[in-house]
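These notes are about the structure you will find just below.
Each value in this text was obtained by applying a stated rule to the coordinates, not by laboratory testing. Computed from a predicted structure; not experimentally measured. Here Cβ is always computed from backbone atoms with ideal geometry, including for glycine, and neighbour counts include all displayed protein chains.
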Amino acid sequence: MSALLPLLSLFACGSKDPVAKPDTQDTGAETPPPEVWGVAAAEDHDPDPDVVEVHLAAAPTSVDGWDEDGPTEVWAYNGQVPGPLIQLWEGQELRVLFENQLPEDETTIHWHGLRIDDEMDGVPMLQDPVAPGETFTYTFSPPDTGSYWYHPHITTNEQVERGLQGPLIIHEADSPQADRERFFVIDDVYLRGDGQIVGFSGDHMTDMHGRYGNNLLVNGSTDLLTDETRPLGVERWRVVNTANAREMWVAVTGASWRVIAVDGTLLPEPYTTERADLPPGRRVDLEVIPDADATTVTMSVELPEGVASWESYPVFEATVTGEPGAGEPLDWGAEPLPVPEETTQEVTLNLNAESDEDGDLIWVVNGQVYGDHEAILVEGNTPTRLVVRDRSGLDHPFHLHGQFFQVISREGEVDPEDVGLLDTVMVGGYEELELYTTFDNPGTWMAHCHILEHAELGMMAELVVSEATTGE
Ligand code: C2O
Ligand code: CU
């Protein structure tokens with residue numbers, strides 16, 4: 001049984017160069033944010049150094065190059081897929097003036113991973129969806145640094161697949177500056193033979209496994225991306241998996257590389273691995289140091305092929321040239337991770353499949369389908385054991401809004417690659433994960449599967465976190 005559709009697009013060695021110079025001319029911040037290669041950055045429209053003001057509009061447009069039959073109709077933020085890179089320094093406030101220019105669909109923007117106020121979280125339970133022609137202003141000061149992303153939170157499976165998704169960085173004020181920063185937004189899109197996005201009527205396979213694309217998209221390109229890099233320099237690559245359902249892995253050749261941050265937060269002890277795992281929604285930051293004698297550095301997306309073998313899809317290739325750097329790994333200045341305290345609260349989320357009265361597949365949390373659910377009340381500021389287990393035999397990238405968590409155990413074991421303050425983690429078929437969180441951000445928060453079709457078919461819970469501090 002395999003849910004994988006073949007990747008039809010073989011990567012033509014294109015010369016298309018997506019290098020985008022951020023427009024910093026209106027930036028009033030004393031230091032403009034670093035130039036990040038990969039996705040064109042949003043302009044800051046507010047000269048106030050404490051505020052970044054970004055204007056976003058969601059509208060239909062078309063993109064060239066995905067198919068030789070001509071342009072593909074998409075939905076995009078500011079006309080680009082992925083949407084503009086939003087970046088700010090820690091401590092800055094972000095104001096996003098958003099306009100919905102979609103002709104028929106209401107939408108919202110959710111800021112994946114940001115621990116902000118729930119009214120700004122972009123879920124329709126807390127915010128009236130933005131109707132066509134309407135506007136909404138999102139304002140918040142993110143408390144954390146790192147790599148994040150944004151996307152709609154209503155008919156999310158369709159809106160994200162059509163192209164509404166974008167990267168976001170909150171730069172640490174005191175981390176060392178890499179020679180080069182890059183952002184890679186990795187997605188798979190399901191195209192018909194004529195290059196148009198396949199419709200969303202759903203079928204059993206899609207309801208069951210989520211929607212798999214047949215074309216790999218990196219920064220909105222189906223072509224191999226190219227650039228230059230210098231030997232023994234230090235680069236910081238930020239990677240997000242925005243696919244509806246497909247878990248992906250990335251690996252780098254021609255360089256020594258390690259994982260320095262996961263889901264935004266820098267790791268006190270970066271780790272090396274054969275391939276970095278990206279369940280849908282997850283981010284990793286990689287430190288990449290090109291080998292002294294390498295001629296190219298390549299990043300590949302790796303996908304499992306049958307049993308215990310991997311297929312490698314090169315998506316980025318940098319020619320190594322120029323003056324060598326020092327080749328020393330950097331101290332990125334990570335804070336120690338909080339040490340879990342003894343827990344005084346337990347919350348269990350059982351993930352499962354069921355059929356509704358018509359015999360159609362639905363996805364449930366604790367036997368409840370979202371929309372016909374009761375909220376789960378939890379005490380805020382309380383050391384909590386959060387047990388998430390799958391009962392369906394299929395994988396679920398579990399995502400919690402508004403809070404971070406740590407993985408205490410996966411089936412009783414500690415997997416070194418589960419380290420970090422996370423917002424998204426893969427729960428494998430029949431697995432049980434024990435997570436630790438303190439629920440320190442009060443409000444109403446979604447906890448759901450980031451296979452967007454599973455969430456759409458009900459696999460989303462509502463957690464109401466009280467202001468109480470009784471756990472202290
Ligand atoms: Cu990235 Cu609730 O979502
Ligand atoms: Cu799921």
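Tabulated data for the structure shown
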item: Phi-based couplings in Hz for region 140-151 (Karplus 6.51, -1.76, 1.60; Gly and Pro marked x); result: 6, 10, x, x, 10, 9, x, 9, 9, 7, 10, 6
item: Whole-Å semi-axes of the ellipsoid equivalent to region 346-472 (Cα gyration tensor, √5λ, descending); result: 24, 19, 11
item: HN-Hα J in Hz across region 393-399 - Karplus 6.51, -1.76, 1.60, θ = phi - 60°, x for Gly and Pro; result: x, 10, 7, 9, x, 7, 10
item: Structure-based [θ]222 nm, the chain - -39500 (n - 2.57) summed over DSSP H runs of at least 4, per residue, nearest 500; result: -1000 deg cm²/dmol
item: Long-range amide H partners of L191 with built H, under 5 Å; result: V198, N214, N215
item: Binned Cα-Cα distances of region 53-129, short to long, each 5 Å bin given as a whole percent; result: 3, 13, 19, 23, 18, 12, 7, 4, 1, 0
item: Contact order relative to length of the chain, as percent, for alpha carbon pairs under 8 angstrom and 6 or more apart; result: 13
item: Using a Förster distance of 56 Å, the FRET efficiency for T321-S409 (Cβ separation, nearest 0.05); result: 0.75
item: Using θ = phi - 60° and Karplus 6.51 cos²θ - 1.76 cosθ + 1.60, couplings along region 122-136 (whole Hz; Gly, Pro as x); result: x, 9, x, 5, 10, 9, 4, x, 7, 6, x, x, 9, 10, 8
item: Value of Rg to Rh for region 212-367 (Rh from inverse mean 1/r over Cα pairs, i.e. Kirkwood); result: 1.08
item: Taking the convex hull of Cα positions in region 349-417, its mean projected area over all directions (nm²); result: 6.1
item: Under 5 Å, built H, 5+ apart or other chain: amide partners of L435; result: L386, V387, V388, I408
item: Efficiency of FRET between T272 and A131 - r from beta-carbon atoms, R0 60 angstrom, step 0.05; result: 0.80
item: Pairs of Cα atoms farther than 13 Å apart, region 328-380, %; result: 74
item: Point-to-point label distance, D179-D69, nm (Cα→Cβ direction, 7 Å offset); result: 4.4
item: Positive minus negative residues near G264 (Lys, Arg vs Asp, Glu; Cβ under 15 Å); result: -3
item: Environment charge at E90 (Cβ cut-off 10 Å; Lys +1, Arg +1, Asp -1, Glu -1); result: -3
item: Å³ per residue enclosed by the Cα convex hull of the chain; result: 146
item: Distance from region 241-262 to region 386-413 (C-alpha centre basis), Å; result: 20
item: Sequence-distant residues sharing a close amide H with W66 (under 5 Å, placed H); result: T72
item: Mean-position separation - Cα centroids, region 278-330 and region 110-164, in angstrom; result: 30
item: Globularity ratio of region 147-223, using Cα Rg and 2.2 N^0.38 Å; result: 1.39
item: R0 of 35 Å, Cβ-Cβ distance E341-E93: FRET efficiency to nearest 0.05; result: 0.65
